[in-house]
Amino acid sequence: MEKTIKSVQDLYDMLDADFRSAKQFWEPFYEDRNRTIPFFLNKPDENLVEHVNAGLLSGGKALELGCGPGRNALYLTRQGYQVDAYDLSETAIAWAKERAAEEQLDVHFECRSVFELTPEQEYDLVYDSGCLHHLLPHQRIPYIEMIHNALRPGGYFGMTCFAPGFGDIGGPEIVMNDWQVYQEKSMRGGLAFTEEKLRYMLEDGFECVEFRAMKAMEQHEPCFGVPFLWATLWRKKDS
Ligand SMILES: C[S@@+](CC[C@H](N)C(=O)[O-])C[C@H]1O[C@@H](n2cnc3c(N)ncnc32)[C@H](O)[C@@H]1O
């Protein structure tokens, strides 16, 4: 039968088909561990550390989405969380598992797309550092729904993503609106979000606990922080 759109999934598949495969991009990305990519260092996000130190995030079960080589999942495990962490890249997950073994940390790292996950009210914390801004606009619909389903009532969603206006120091050079992405058939390396847009995307299911720029951290400091990312924390609304 010819290609037919019957379900919302068919529609998503049609929209995906115009873009490069995320797996093909991310798989080789982690092959050379010596590249000077800031998030290759095994340091947790400064905002995550701040929220743990403040007692706002106080343990339980955590889910990390697009965990890369695992720096935040490893940190949460050291803080007593039981962590499940997923990434599309086999290479990144292999690296994360090596890091966990070196420290004798028990983390569930697995190579899976976030779109294969179907968690049900299991997690106290869902964390995403830099995954959402690499998802196509239509992919946010099932993604945000999955995060909402994953959290227990009152659970937290921590997320960092590109802020607009930092093209000269590492952020996206232009701010694309969602329609442009489909017109150009490209996200040009990642999408920047205005505060208004992020709040609009998340307001139905989440109340905002904190919305600020990530603090810039120096090389010698124990945390990761770059000023071109938003550092945000949300709490699942009671339904
Ligand atoms: C900018 S990197 C951030 C990695 C890690 N969170 C960190 O900050 O160190 C984005 C990550 O999202 C992952 N990713 C992108 N799309 C994904 C998907 N559909 N499912 C799982 N992981 C995905 C990529 O493989 C990549 O490792």
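The values are calculated or read from the model by the stated rules, or taken from the named source; none is laboratory data. Predicted, not measured: the structure shown is a model, and the values here were computed from it. Cβ coordinates were reconstructed from backbone atoms using ideal geometry, including for glycine residues, and neighbour counts include every protein chain displayed. For accessibility, only protein heavy atoms count, side chains too; no ligands or nucleic acids. Shrake-Rupley method; radii C 1.70, N 1.55, O 1.52, S 1.80 Å.
Report, to one decimal in Å, the Kirkwood hydrodynamic radius for segment 24-145 based on all distinct Cα pairs.
One over the average 1/r among Cα pairs gives 14.8 Å for segment 24-145.
How large is ³J(HN,Hα), in whole Hz, for each residue of segment 222-239 in order, when computed from phi with the Karplus curve 6.51 cos²θ - 1.76 cosθ + 1.60 and θ = phi - 60°, using x for Gly and Pro?
Once rounded to whole Hz, the list reads x, 10, 8, x, 10, x, 8, 10, 7, 10, 10, 9, 10, 10, 4, 6, 5, 9.
Pull out the extension gain between ALA17 and GLU203, defined as 0.36 nm times the separation in residues minus the alpha carbon to alpha carbon distance; nm, one decimal. List each step's numbers first, then the result.
Details: separation 186, 0.36 × 186 = 66.96 nm, distance 2.93 nm.
Value of the extension gain: 64.0 nm.
Only sites in a loop by DSSP and with at most 13 other Cβ atoms within 10 Å count here; which GluC sites (Glu not before Pro) in segment 55-158 make the cut?
Listed in order of number, the matching sites are GLU103, GLU120.
Over all Cα pairs of the chain, how is the pair count split among 10 Å bins, expressed in % and running from 0 up to the last occupied bin?
Going out from 0 Å in 10 Å bins, the chain shows 7, 31, 40, 18, 3, 0 percent.
Working out 0.36 nm times the residue gap between GLN121 and ILE37, then minus their Cα-Cα distance, what length gain in nm do you get to one decimal?
So the extension gain works out to 26.8 nm.
Which one of ALA216, ALA62, ALA17 has the biggest mean-square fluctuation once the chain is modelled by GNM with Cα springs under 10 Å?
It is ALA17.
With each label point set 7 Å from Cα along the Cα-Cβ vector, what nm distance links GLU218 and PHE25?
Output for this residue pair reads 3.4 nm.
Leaving ligands, DNA and RNA out of it, work out the accessible area of ARG35 with a 1.4 Å probe and give it in Å² to the nearest 10.
Looks like 90 Å² after rounding.
Within segment 1-95, what whole-number % of the accessible surface is contributed by carbon and sulfur, with the 1.4 Å probe and all protein chains included in the calculation?
Carbon-and-sulfur percentage of accessible area, whole number: 54.
Leaving out ligands, DNA and RNA, what percent of the accessible area of segment 105-188 is carbon and sulfur, probe 1.4 Å?
50
What figure in square angstrom, to the nearest 10, would you give for the accessible area of LYS215 with a 1.4 Å probe?
Ignoring ligands and nucleic acids, LYS215 comes out at about 90 Å².
Express the accessible area of the chain per residue in Å², computed with a 1.4 Å probe while the remaining protein chains stay in the model.
51
With an 8 Å Cα cut-off and a minimum separation of 6 or more residues, compute the relative contact order for the chain in percent. Can you show the working numbers first?
On the way: 419 pairs, mean separation 43.6, N = 239.
Reported as a whole number, the value is 18 percent.
Tell me which residues come under 5 Å, amide H to amide H, from PHE224 once H is placed; ignore anything under 5 positions away on its chain.
ASP45, GLU46
For segment 120-188 and segment 1-36, write down the distance between their C-alpha centroids in whole Å.
16
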